[in-house]
């Protein structure tokens with residue numbers, strides 16, 4: 001009799017464990033589905049934004065390239081400057097360009113010197129500050 005009780009108890013534990021695992025699996029599947037949906041929505045929004053602003057982006061790219069020419073940046077320095085504007089660090093730039101981190105750092109310094117700015121933030125600000133419209137007094141920042 002004790003043997004049957006022990007086996008029944010083990011069976012109940014096994015079923016409880018299986019139910020718990022099944023519920024967690026369902027929750028994980030729901031989370032994955034939500035994440036996939038959110039990712040699709042974000043990708044669609046990015047595609048829509050790019051298509052709506054394609055002309056502006058081309059103009060901005062041309063303006064940035066023109067400024068690089070005024071600063072007399074070499075082709076390598078221009079590439080580094082663009083990667084800096086995109087937010088990449090020296091290590092990432094080195095990996096993208098197949099150079100050493102030291103080379104990327106030195107090229108970034110050359111860009112800053114020729115541009116007359118103190119660093120990455122100032123380089124970004126050079127291009128962004130005139131693009132962003134000042135907020136009217138008392139106006140809240142967009143969410």
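Quick notes on this structure:
- Pick from segment 93-105, criterion free of Cβ contacts under 8 Å to residues at least 24 places away in the same chain and either surrounded by 15 or more Cβ atoms within 10 Å (Cβ to Cβ) or under 16 Å from residue 64 (Cβ atoms) (or both), ranking: farthest from the chain's Cα centre (by Cα): 103
- Comparison of 21, 11 shows that the only residue that is modelled with pLDDT of 95 or more, out of contact with any helix residue (DSSP H, G or I) (no Cβ under 9 Å at 6 or more places or on another chain) and either in a helix (DSSP H, G or I) or under 19 Å from residue 113 (Cβ atoms) (or both) is 21.
- The test for being surrounded by 10 or more Cβ atoms within 10 Å (Cβ to Cβ) and in contact (Cβ under 8 Å) with a residue 60 or more places away in the chain does not hold for residue 43.
- Of all the criteria given as (1) part of a helix (DSSP H, G or I); (2) within 21 Å of residue 127 (Cα to Cα), the one not satisfied by residue 34 is (2).
- Scope segment 83-92; condition assigned to a loop (DSSP other than H, G, I, E, B) and surrounded by 13 or more Cβ atoms within 10 Å (Cβ to Cβ); matching residues: 88, 89
- Selection from segment 46-73 of residues that are part of a helix (DSSP H, G or I) and more than 21 Å from residue 132 (Cα to Cα): 47, 69, 70
Matching residues to (1) at pLDDT 95 or above; (2) surrounded by fewer than 16 Cβ atoms within 10 Å (Cβ to Cβ); (3) on the phi > 0 side of the Ramachandran plot:
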position	(1), (2), (3)
72	yes, yes, yes
81	yes, no, no
109	yes, yes, no
115	yes, no, no
129	no, yes, no
133	no, yes, no
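- Unmet requirement for residue 77, which otherwise passes all of (1) touching a residue at least 40 places away in the same chain (Cβ under 8 Å); (2) under 17 Å from residue 117 (Cβ atoms): (1)
The values are calculated or read from the model by the stated rules, or taken from the named source; none is laboratory data. Bear in mind the structure is a predicted one, so any value in this text is a computation, not a measurement. For neighbour counting, all protein chains shown are included, and Cβ atoms are generated from backbone atoms with ideal geometry for every residue, glycine included.
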